[in-house]
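The structure appears below as structure tokens.
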Amino acid sequence: MSEKIHLLALSKNELTEFTENLGEPKFRASQIFKGLHERRLQSFDEMTDLPKNLRERLDEIATVSTLKIESRYVSIDGTRRFLMKTHDNFPVEAVFIPTDTRDTICFSSQSGCPLKCDFCLTAKLGLLRNLTAGEIVEQIITVLNDVYGVGEETPHGTNLVGMGAGEPFLNFENLIKALEIMSADDGLFIVPNRVTISTAGIVPKIYEFARLENRPHLAISLSAPDDKLRDKLMPINKRWNIEELLAAAKEFEKSLRAGERFTFEYVLLGDVNDTDEHARALANLLNRYELQRVKINLIPHNSAEPLEYKASSAEQVKRFQNVLESKGVAAFVRRPRGRDIYAACGQLAAKSVSGER
Ligand code: SAH
């Protein structure tokens, strides 16, 4: 199977080349692209606008689907976690997060993760491998089909967050390619403005990302106001420290469009990085770099065995937020979703829990 070419990984131009090599007219590429991305069909057989012999030929050399859903968990808050497996048996997780007005899909860029953030469960897996562009696109298609049915219209707009397993900026090329494929107006039509990518701080890629013509929004995981603490919590800080990270953020700020902001994520760990003192240090840090178009998303820690950290008290979260606000830094508290099914931030580690639906 792995020998077959995964068509979800092909850009429209590549798909055109592919069909031309089969001796097919150009418009076939367009039909196939729509079948894959706009209609989200799961087999060539369903592409009934193609001649039967072409469908058979495609089936021999190509595939539209390589991921298998292994388990699917539904939270009491409506969040769904999908545990999938690649053709070579690596775990891939995606999370569907509905609200009244829109859906958000959190996708993974890698199977496992090479970064060793001390408070994150995914880190315990280590890096298993990078996901291909096709595997990234397929996560979104699989989730939409499961929630709404194959080929059914989606009632809400879909937002994407690259905040699942893995470090997106360590799989930069495949990520950007997948996003380009998903932005096509005769496909999924998820435009960059609906996408946010989160990085733990791969500094050179922040500069590269800033230069992209049509780039999504950016979030940077910070989680500590000084190098000593960040070295411990997020060892990537030993490679690129806070000064280098904030210099890159400052440069990124210049690339913001009208009305756009970017985000620092700060995981609140009880008694570790959540005191008033930490909040003041954080606000001073951001003010020192004169970062003005930034907001802080405070993420109360989602606990998970065997992580040793605990969440901050609700009271301390509020105090932390107030200190930041009093120093002119916009801060929001992210409401955890899907904690009961290990779907929340930092909990994606291919865990099986009871209550599969
Ligand atoms: N590697 C990227 C993408 C992952 S995003 C990054 O680090 O930004 C996942 C977000 O959840 C990050 O901001 C991360 O710091 C946060 N996170 C990790 N473990 C967590 C946990 N146990 N509870 C709450 N947030 C966590």
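Just to confirm my numbers, what's the Cα centroid distance between the stretch 174-211 and the stretch 13-66 in Å?
Rounded to whole Å, the Cα centres lie 25 Å apart.
Which one, ASN21, PRO168, ALA330, projects farthest toward the positive side of the charge dipole computed for the chain from Cβ point charges (K/R +1, D/E -1)?
Value computed over the given set: ALA330.
Using the Cα centre of the stretch 73-161 as the reference point, and only Cβ charges (+1 on K/R, -1 on D/E), how large is the resulting charge dipole? Debye, rounded to the nearest 20.
The calculation lands at about 400 debye.
With a 1.4 Å probe and all protein chains kept in place, how do GLU17, GLU46, GLU153 rank by accessible area, largest first?
Listed by decreasing accessible area, they come as GLU153, GLU17, GLU46.
Only four residue types carry charge here, +1 at the Cβ of Lys and Arg and -1 at the Cβ of Asp and Glu. Report the dipole size of the chain about the Cα centre in Debye, rounded to the nearest 20.
In total the dipole reaches around 700 debye.
Could you compute how much accessible surface PHE90 exposes when probed at 1.4 Å, giving the result in Å² to the nearest 10?
Surface open to solvent at PHE90 totals about 60 Å².
Tell me, what % of the accessible area of the stretch 234-296 is carbon and sulfur with a 1.4 angstrom probe?
45
Using DSSP, restrict attention to beta bridges with both residues in the chain and report what percent are antiparallel, rounded to the nearest 5.
45
Report the one residue of GLY126, CYS106, GLY78 whose Cα lies farthest in the direction of the positive end of the charge dipole of the stretch 33-137 (charges on C-beta: Lys and Arg +1, Asp and Glu -1; origin at the Cα centre).
The one lying farthest along the dipole's positive direction is GLY126.
Run the accessible area of the stretch 53-196 with a 1.4 Å probe and give the carbon-and-sulfur part as a rounded percent.
With neighbouring chains kept in place, the figure for the stretch 53-196 is 47 percent.
Relative to a virtual label point 7 Å from the Cα of VAL147 in the Cα→beta-carbon direction, which members of the stretch 89-127 show backbone nitrogen distances below 18 Å?
93-109
Evaluated at 37 °C with a viscosity of 0.692 mPa s, what Stokes-Einstein diffusion coefficient in µm²/s does the chain have when Rh comes from the Kirkwood expression over alpha-carbon pairs?
Approximately 155 µm²/s, per Stokes-Einstein.
In the chain, which Cys residues have no partner Cys with a Cβ closer than 4.7 Å?
Taking the Cβ cut-off of 4.7 Å, the unpaired cysteines of the chain are CYS106, CYS113, CYS345.
If amide H atoms are built 1.01 Å from N in the plane of the peptide, which residues on other chains or at least 5 residues away come under 5 Å of the amide H of GLY157?
Sorted by chain and number, the residues that satisfy this are ASP103.
If you take the beta carbon distance between ARG55 and GLU213 as r and set R0 to 41 Å, what does 1/(1 + (r/R0)^6) give as a FRET efficiency, to the nearest 0.05?
0.65
Using +1 at the Cβ of each Lys and Arg and -1 at the Cβ of each Asp and Glu in the chain, identify which of PHE320, ALA219, ALA9 lies farthest towards the dipole's positive end.
Farthest towards the positive end: PHE320.
Using a 1.4 Å probe and counting only protein heavy atoms, arrange ARG28, ARG81, ARG102 so the residue with the most accessible area comes first.
The most accessible residue leads, giving ARG102, ARG28, ARG81.
Place a +1 charge on the Cβ of each Lys and Arg in the stretch 1-67 and a -1 charge on the Cβ of each Asp and Glu, then give the dipole magnitude about the Cα centre in debye, rounded to the nearest 20.
So the dipole magnitude of the stretch 1-67 works out to roughly 200 debye.
The values are calculated or read from the model by the stated rules, or taken from the named source; none is laboratory data. Quick caveat: nothing in here was measured; it's all calculated off a predicted structure. Quick reminder, even Gly has a Cβ in these numbers, built from the backbone with ideal geometry, and neighbours come from all protein chains shown. Heavy atoms of the whole protein, side chains included, go into the accessibility calculation; ligands, DNA and RNA do not. Shrake-Rupley method; radii C 1.70, N 1.55, O 1.52, S 1.80 Å.
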